[in-house]
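A.B. asks: Here's a structure for you.
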Amino acid sequence: MSKQEQQAVERELTMSRAMVEAIAHEMREDEEVFYLGEDVADYGGIFDSTEGLLEEFGRDRVMDVPISETAYLGAAVGAAQEGMRPIAELMFVDFFGVAMDQIYNQLAKNTYMSGGAVNVPMVLTAAVGGTYNDAAQHSQTLYGTFAHLPGMKVVVPSTAYDAKGLMHNAVRDDDPVVYLFHKRLMGIGWMPAPDGPKTPVPEDEYTIPFGSADVKREGEDATVVTLGLHVHRALEAADSLAEEGIDAEVIDLRTLVPLDTETIRESVAKTGRLVVVDEDYQSYGVTGEIIASVAENGLEDLEAVERVAVPDVPLPYARPMENEVIPDSEDIENAVRSAHGA
């Protein structure tokens, strides 16, 4: 969304409201769209992901389910294969483990294994991320886990504008889409969001194509590639670095599958320095994949590389320890300085 377009849009929405607006529109347009998950009806989702949908669409289309991810995700896959368009919510992405077979072996593979006889037009939503001290089983990010296995598109919005456009696209897609929203960006009262995710959002429907990264800040001295919460931490770091005369470009991936490697490579060809920032674990993850994709196709452009990610440890419960392992803007600043001085 250009600055001119933003100025023309008077209203601002939180990311949760933008997501719900897109879902409600799709439910009005297509009776086969329905939402199911734990605490998504009466409670409206613990991160406001479905607030207001029950009142408009009723319990036949906004369904609270038993605490059995295996059962309801399997049911959603079956409904999708029969022509419906379910949106199924994992309350926390960490819970995917109890439904790994339904996700990895059914959602992701059934179109291929049926020889294209069935599609699985389903959206799997889940809350990701830490920064609010909910310990190792409720604070992971894990988008790299889903991106690793072929068959699922993986979406990670960072702003309300992107959240709405990506959700419209996700619901309409004939393939399975994993739509991961960061708790800290949703704009709920008990978990204040940083400056940035609440943005102008048009009332009309619009889509954002998958595989289209967004340059959130242009710069000449270093390329910072990130997604989700850390887009905003990277922008904060870039503003601070500008005071030192270092001009950082910030790229918001928006989707991991498909991955917009072209935008990343074009930026690195300009800056010569690449810093990849991720709230997922460092090993075997997003940071390494992005660096490898640049090195394979543009090694001659790379003067320096740094990566900033969560070390390979369970997310701590204690606030000081959690703050230590999750990258912040200062960590990003230091990485850019290091790359710039290389």
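The values are calculated or read from the model by the stated rules, or taken from the named source; none is laboratory data. Here the structure is a predicted model, which is why all the values come from computation and not from measurement. Positions of Cβ are generated from backbone atoms using ideal geometry, with glycine treated the same way; all protein chains shown enter the neighbour counts. What goes into the accessible areas is simple: the full protein's heavy atoms, side chains included, and nothing from ligands, DNA or RNA. Shrake-Rupley method; radii C 1.70, N 1.55, O 1.52, S 1.80 Å.
A.B. asks: Please specify each residue of region 82-97 satisfying the condition of being of a type outside the set (F, W, Y) and either open to solvent by 20 Å² or more (accessible area, probe 1.4 Å) or more than 21 Å from the chain's Cα centre (by Cα) (or both). Talk me through it step by step, then tell me what you get.
C.D. replies: The initial filter retains those residues of region 82-97 that are of a type outside the set (F, W, Y), namely 82-91, 93-94, 97.
Of everything in region 82-97, those that are of a type outside the set (F, W, Y) and either open to solvent by 20 Å² or more (accessible area, probe 1.4 Å) or more than 21 Å from the chain's Cα centre (by Cα) (or both) turn out to be E82, G83, M84, R85, M91, D94, G97.
A.B. asks: Which of (1) closer than 25 Å to Q140 by Cβ; (2) crowded, with 17+ Cβ neighbours inside 10 Å does V294 not meet, given it meets every other one?
C.D. replies: Status for V294: all satisfied but (1).
A.B. asks: Follow-up question, since we're still on this one. Looking only at region 65-81, decide whether some residue is touching a Lys or Arg at 6+ places or on another chain (Cβ under 9 Å) and surrounded by fewer than 21 Cβ atoms within 10 Å (Cβ to Cβ).
C.D. replies: Scanning region 65-81 turns up at least one residue that is touching a Lys or Arg at 6+ places or on another chain (Cβ under 9 Å) and surrounded by fewer than 21 Cβ atoms within 10 Å (Cβ to Cβ).
A.B. asks: Next question. What about A163, is it part of a helix (DSSP H, G or I), touching a residue at least 12 places away in the same chain (Cβ under 8 Å) and among the aliphatic types (A, V, I, L, M)?
C.D. replies: So A163 fits the description; yes.
A.B. asks: Would you check if there is a residue in region 194-212 being open to solvent by 30 Å² or more (accessible area, probe 1.4 Å), in contact (Cβ under 8 Å) with a residue 12 or more places away in the chain and not in a loop (DSSP other than H, G, I, E, B)?
C.D. replies: Taking every residue of region 194-212 in turn, none turns out to be open to solvent by 30 Å² or more (accessible area, probe 1.4 Å), in contact (Cβ under 8 Å) with a residue 12 or more places away in the chain and not in a loop (DSSP other than H, G, I, E, B).
A.B. asks: I would also like to ask the following. Going by what's in this entry, would E29 be described as without any contact (Cβ under 8 Å) to a residue 24 or more places away in the chain and either among the aliphatic types (A, V, I, L, M) or surrounded by fewer than 21 Cβ atoms within 10 Å (Cβ to Cβ) (or both)?
C.D. replies: Taking the combined requirement at face value, the residue satisfies it.
A.B. asks: OK, next. Out of (1) more than 24 Å from D94 (Cβ to Cβ); (2) open to solvent by less than 30 Å² (accessible area, probe 1.4 Å), what's the single condition that is false for D174?
C.D. replies: (2)
A.B. asks: Quick one: is G116 surrounded by fewer than 17 Cβ atoms within 10 Å (Cβ to Cβ) and outside any helix (DSSP H, G or I)?
C.D. replies: Yes.
A.B. asks: As an exercise: evaluate L259 against (1) more than 16 Å from A335 (Cα to Cα); (2) free of Cβ contacts under 8 Å to residues at least 40 places away in the same chain; (3) assigned to a loop (DSSP other than H, G, I, E, B) and give the number of the one condition it does not meet.
C.D. replies: It is condition (2) that L259 fails.
A.B. asks: Looking only at region 150-160, which residues are in contact (Cβ under 8 Å) with a residue 60 or more places away in the chain and in a loop (DSSP other than H, G, I, E, B)?
C.D. replies: Within region 150-160, M152, V156, P157, S158, T159 meet the criteria.
A.B. asks: Could you identify the single residue in M19, M1, M15 that is under 23 Å from the mean Cα position of the chain (by Cα) and modelled with pLDDT under 95?
C.D. replies: Criteria check complete, one pass: M1.
A.B. asks: Based on what the data block shows, is S283 in a helix (DSSP H, G or I) and either among the hydroxyl-bearing types (S, T, Y) or within 18 Å of R233 (Cβ to Cβ) (or both)?
C.D. replies: Answer is no for this residue.
A.B. asks: Would you check if F47 is part of a loop (DSSP other than H, G, I, E, B), among the aromatic types (F, W, Y) and open to solvent by less than 40 Å² (accessible area, probe 1.4 Å)?
C.D. replies: yes
A.B. asks: Check V277, V310, V305 and return the single one that is touching a Leu at 6+ places or on another chain (Cβ under 8 Å), surrounded by 14 or more Cβ atoms within 10 Å (Cβ to Cβ) and under 26 Å from P157 (Cα atoms). Please lay out each step first, then the result.
C.D. replies: Details: V277 fails: touching a Leu at 6+ places or on another chain (Cβ under 8 Å); V310 fails: touching a Leu at 6+ places or on another chain (Cβ under 8 Å).
That would be V305, the only listed residue that is touching a Leu at 6+ places or on another chain (Cβ under 8 Å), surrounded by 14 or more Cβ atoms within 10 Å (Cβ to Cβ) and under 26 Å from P157 (Cα atoms).
A.B. asks: Give me the residue from region 50-86 that is among the hydroxyl-bearing types (S, T, Y) and part of a loop (DSSP other than H, G, I, E, B) and, out of that set, farthest from M186 (Cα to Cα).
C.D. replies: The first filter runs over region 50-86 and keeps only residues among the hydroxyl-bearing types (S, T, Y), leaving 50, 68, 70, 72.
Still in the list and also part of a loop (DSSP other than H, G, I, E, B): 50, 68.
Working: T50: 12, S68: 25 Å.
Filtering region 50-86 for residues that are among the hydroxyl-bearing types (S, T, Y) and part of a loop (DSSP other than H, G, I, E, B), the one farthest from M186 (Cα to Cα) comes out as S68.
A.B. asks: Checking the condition part of a helix (DSSP H, G or I), out of contact with any helix residue (DSSP H, G or I) (no Cβ under 6 Å at 6 or more places or on another chain) and open to solvent by 10 Å² or more (accessible area, probe 1.4 Å), which residue from E236, E289, E322, E244 passes?
C.D. replies: Of E236, E289, E322, E244, the one residue that is part of a helix (DSSP H, G or I), out of contact with any helix residue (DSSP H, G or I) (no Cβ under 6 Å at 6 or more places or on another chain) and open to solvent by 10 Å² or more (accessible area, probe 1.4 Å) is E289.
A.B. asks: Next question. Picking from R265, R233, R217, R184, which residue would you name as being free of Cβ contacts under 8 Å to residues at least 40 places away in the same chain, within 22 Å of D328 (Cβ to Cβ) and not small (G, A, S)? Step through it out loud before you land on a result.
C.D. replies: Details: R265 fails: within 22 Å of D328 (Cβ to Cβ); R233 fails: free of Cβ contacts under 8 Å to residues at least 40 places away in the same chain; R184 fails: free of Cβ contacts under 8 Å to residues at least 40 places away in the same chain.
So the residue among R265, R233, R217, R184 that is free of Cβ contacts under 8 Å to residues at least 40 places away in the same chain, within 22 Å of D328 (Cβ to Cβ) and not small (G, A, S) is R217.
A.B. asks: Continuing with this model, one more query. Do you know which residues across region 213-233 are under 24 Å from Y281 (Cα atoms), assigned to a loop (DSSP other than H, G, I, E, B) and of a type in the set (G, A, S)?
C.D. replies: A213, G228
A.B. asks: A further question on this structure: I need the full set of residues from region 215-233 which are touching a strand residue (DSSP E or B) at 6+ places or on another chain (Cβ under 7 Å) and open to solvent by 40 Å² or more (accessible area, probe 1.4 Å), in order please.
C.D. replies: If the condition is that a residue be touching a strand residue (DSSP E or B) at 6+ places or on another chain (Cβ under 7 Å) and open to solvent by 40 Å² or more (accessible area, probe 1.4 Å), then V215, K216, R217, E218 are the ones that fit.
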